[in-house]
Amino acid sequence: MFSELTQKLDSYLDIGLPFYDCAVMQDGKTVYRHANGYTDPHKTQPVTGHELYNIYSCTKLITCTAALQLLEKGMFLLDDKLSDYMPEFEQMTVRCSEDLVPSKNPILIRHLFTMTAGFSYNLYSPMLNSCREETNGVCQTRDVMRYLAKEPLLFEPGERWEYSLCHDVLAALIEVLTGDTFGSYVKKNIFDPLGMMRSTFLLEDDQLGAIVNQYAYSTEKCVYERDRRIDYKLGSAYESGGAGCISTVDDYLKFLEALRCGNQILKQETVDLMATEQLSQTQRRTYWNQDYGYGLGQRCPMNENQSDFGWGGAAGAYYAVDRKNRISVYLATHILGFGAYQERRGEILPIIQRMLA
């Protein structure tokens, strides 16, 4: 039944993907699970299905879910000013050509969810470099934001869509609202209730060997082995809400299924809100995926012919949830910078939908 899907996945190996692990669930049951390839450069260690990955931007859905739990509790409103909770963001500047001018618009919490706050994704900006130096490489999540707030915005908040550190700021906001560290809050309110026992935001350096080999694409050598450290971890105590989660296929599917079913970690109506277009026509002009809308932290249906929400990660992870057809999909691999694969990984979803719809 799934031969077409397996052929498509194997075609990614043909163009240079080192390995993959793909799982599909429908109605709460695993209907497809297939892994292929090798996790070592010498091709002696076949992928087993138990690997631990840096999931990069698939973290974002976890962060938005955690924040929306607090929205449900009435701890903030989407149109609240960020500076009401994090005062350092009150007096922002905007880079205009070579000049810096005071921002006219406040950053709203809504802007964090929708990537419209005006931040960049520059992890080595002058102030973030200062944070590393002045905290001796610790960079605790909440503390980092006091440095980020000193960086000029790229544009007026709400003006356009820009992939950025918005969800890292959202993680720090969770710390402010709860008085807990971001990773601890997520563990207690998402990971533990769902039985995601191998998911975390922090691993000590001596534990990094538990993560499967991470690769990066090279036109000369196809792929090469590299350090397992996550590129978006600014310091030893930094828990990145945009890219910092370490997880497994089985764990992440538990999370996706909880959202698909609703009324577990989030109310059904809150999941509906996550999966509803949030961008204005002006903001959509700079949004990457013109075939889909953008909801609260992920792509979402834009018309009646679409029924799925999802996103992907920098090292190749890809998720999709199709609530109409009761399907959750997660595809894991571990290679950075492989654009040819990343442009094609969404091909698997239509195949799955045709088979299971």
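The values are calculated or read from the model by the stated rules, or taken from the named source; none is laboratory data. Owing to the predicted nature of the structure, the values given are computational and were not obtained by experimental measurement. Methodologically, a virtual Cβ is constructed for each residue, glycine included, from the backbone with ideal geometry; neighbour enumeration extends over all protein chains shown. With ligands, DNA and RNA removed, areas are computed over all heavy atoms of the protein, side chains included. Shrake-Rupley method; radii C 1.70, N 1.55, O 1.52, S 1.80 Å.
A single member of PHE155, PHE119 is of a type in the set (Phe, Trp, Tyr), buried (at least 18 other Cβ atoms within 10 Å of the Cβ), under 25 Å from the mean Cα position of the chain (by Cα) and more than 23 Å from LEU71 (Cβ to Cβ), and it is PHE155. Put simply, of GLN353, GLN298 the only residue that is open to solvent by 10 Å² or more (accessible area, probe 1.4 Å) and either basic (Lys, Arg) or touching a residue at least 12 places away in the same chain (Cβ under 8 Å) (or both) is GLN353. Could you list, in sequence order, the residues of the range 81-93 that are loosely packed, with under 15 Cβ neighbours inside 10 Å and part of a loop (DSSP other than H, G, I, E, B)? GLU90, GLN91, listed by residue number.
Based on this model, can you work out whether ARG110 counts as under 22 Å from PHE201 (Cα atoms), part of a helix (DSSP H, G or I) and in contact (Cβ under 8 Å) with a residue 12 or more places away in the chain? It is false that ARG110 is under 22 Å from PHE201 (Cα atoms), part of a helix (DSSP H, G or I) and in contact (Cβ under 8 Å) with a residue 12 or more places away in the chain.
For every residue, the table says whether it meets (1) part of a strand (DSSP E or B); (2) open to solvent by less than 30 Å² (accessible area, probe 1.4 Å); (3) under 30 Å from PRO87 (Cβ atoms); (4) at pLDDT 95 or above.
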| site | (1), (2), (3), (4) |
| --- | --- |
| ALA172 | no, yes, yes, yes |
| GLU175 | no, yes, yes, yes |
| GLY183 | no, yes, yes, yes |
| ASP206 | no, no, no, no |
| LYS233 | no, no, yes, no |
| GLU239 | no, yes, yes, yes |
| PHE255 | no, yes, no, yes |
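Exactly one residue out of ALA317, ALA275, ALA340 is open to solvent by 40 Å² or more (accessible area, probe 1.4 Å) and of a type in the set (A, V, I, L, M), and it is ALA340. May I ask you to verify whether PRO102 is within 30 Å of GLY295 (Cα to Cα), open to solvent by 60 Å² or more (accessible area, probe 1.4 Å), in contact with a Ser or Thr (Cβ under 9 Å, 6 or more places away or on another chain) and not aromatic (Phe, Trp, Tyr)? Yes, satisfied.
Scanning the range 1-30 for residues that are in a helix (DSSP H, G or I) and exposed (fewer than 12 other Cβ atoms within 10 Å of the Cβ) turns up SER3, GLN7, ASP14.
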